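What follows is a set of notes on a single structure, which appears directly below.
The values are calculated or read from the model by the stated rules, or taken from the named source; none is laboratory data. Note that the coordinates shown come from a computational prediction; the quantities given were computed from them, not determined experimentally. Methodologically, a virtual Cβ is constructed for each residue, glycine included, from the backbone with ideal geometry; neighbour enumeration extends over all protein chains shown.
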Amino acid sequence: MSRIVDWPARMREVAGFVGLDQNELEIIQSTRELVLARGEELTAAVYDHFLKFPETRRFFLDEDGEVNEEKLERRKRSLMRWLTGSIDFKIDEDYPIRLLATGIVHSHPPSHRAHLGSIPSRFMIGSISFIQTALAQIFQEEINDPREAQRASVAWNKMLMVQLDILQAGYVNETPTEATGEAPAGPDFE
């Protein structure tokens, strides 16, 4: 019989482990206007970054090998919704399930893009790192008190790590790409 996971309990456990507390959630809330004011810039930077690398660019191309601008705009809006939702981060019955569903969608491609295989988990991890770095830069530029900018960065970093744990849980396995027909390489144990 498969084990049932209490996702809110898991989020609370990881939040406790990384030291995310109510004070830091309030700090995240206090950055709402700043983050949303720079949100479109941030989401554009994330997708511009994806387009620089063939391994991630391929997810945004049409049949002719050109960037599908309509798809790209939909993905930017989706990332902006996630960013906005992150400001209101909370551990309840619903939030971790939405994150888990996001991880599953990335790791188990729907039929219309099954030929591309999974979005490798390393790019999910890299994306969170990219966002953490971009937010730290924004806070450094926009918050006059360096200690407050640091506190905002730390709070966001902790919250994003809690989210990443649940996002990665959606990666039970990754599907192979049609191009290679191979599953991602794993460790070679003897």
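Within the stretch 33-87, being under 18 Å from the mean Cα position of the chain (by Cα) and β-branched (V, I, T) holds for V35, T43, V46, T56, T84, I87.
This table checks each residue for (1) modelled with pLDDT of 90 or more; (2) more than 24 Å from L135 (Cβ to Cβ); (3) touching a helix residue (DSSP H, G or I) at 6+ places or on another chain (Cβ under 8 Å).
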{"position": "K52", "(1), (2), (3)": "yes, no, no"}
{"position": "T56", "(1), (2), (3)": "yes, no, yes"}
{"position": "E63", "(1), (2), (3)": "no, yes, no"}
{"position": "E66", "(1), (2), (3)": "yes, yes, no"}
{"position": "S78", "(1), (2), (3)": "yes, no, no"}
{"position": "F89", "(1), (2), (3)": "yes, no, yes"}
{"position": "L99", "(1), (2), (3)": "yes, no, yes"}
{"position": "H106", "(1), (2), (3)": "no, no, yes"}
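Quick check: is even one residue across the stretch 29-40 in contact with a helix residue (DSSP H, G or I) (Cβ under 8 Å, 6 or more places away or on another chain), within 14 Å of V154 (Cβ to Cβ) and hydroxyl-bearing (S, T, Y)?
Going through the stretch 29-40, the residues in contact with a helix residue (DSSP H, G or I) (Cβ under 8 Å, 6 or more places away or on another chain) turn out to be 29-32, 34-36, 38-40.
Now restrict to residues that are within 14 Å of V154 (Cβ to Cβ): 30-31.
Still in the list and also hydroxyl-bearing (S, T, Y): 30-31.
Checked the stretch 29-40: at least one residue is in contact with a helix residue (DSSP H, G or I) (Cβ under 8 Å, 6 or more places away or on another chain), within 14 Å of V154 (Cβ to Cβ) and hydroxyl-bearing (S, T, Y).
For the criterion of being part of a loop (DSSP other than H, G, I, E, B) and either under 21 Å from Q150 (Cβ atoms) or not small (G, A, S) (or both), E93 passes. Within the stretch 111-121, the set of residues being assigned to a helix (DSSP H, G or I), surrounded by 13 or more Cβ atoms within 10 Å (Cβ to Cβ) and not hydrophobic (A, V, I, L, M, F, W, C) comprises S121 only. Residue check: I87 meets all listed conditions (1) under 19 Å from W156 (Cβ atoms); (2) surrounded by fewer than 17 Cβ atoms within 10 Å (Cβ to Cβ); (3) of a type in the set (V, I, T) but one, namely (2).
With the structure loaded, tell me whether R38 is farther than 27 Å from P8 by Cβ and at pLDDT 90 or above or whether it fails that test.
Working: farther than 27 Å from P8 by Cβ: yes; at pLDDT 90 or above: yes.
When the stated conditions are applied, R38 passes them.
May I ask you to list pairs of residues, at least six apart or on different chains, whose Cβ atoms are under 6 Å apart, with the first in the stretch 118-140 being more than 18 Å from R75 (Cβ to Cβ) and the second being assigned to a helix (DSSP H, G or I) and modelled with pLDDT of 95 or more? Pairs that qualify, where the first residue is more than 18 Å from R75 (Cβ to Cβ) and the partner is assigned to a helix (DSSP H, G or I) and modelled with pLDDT of 95 or more, are Q132/N157; Q132/L160; L135/W156; A136/S153; F139/A149; F139/A152; F139/S153; Q140/A149. For the stretch 62-81, the criterion of a residue being farther than 23 Å from I166 by Cα, in a loop (DSSP other than H, G, I, E, B) and of a type in the set (G, A, S) is satisfied by at least one position. Tallying residues that are out of contact with any helix residue (DSSP H, G or I) (no Cβ under 8 Å at 6 or more places or on another chain), of a type outside the set (K, R) and farther than 21 Å from Y47 by Cα within the stretch 116-147 yields 3.
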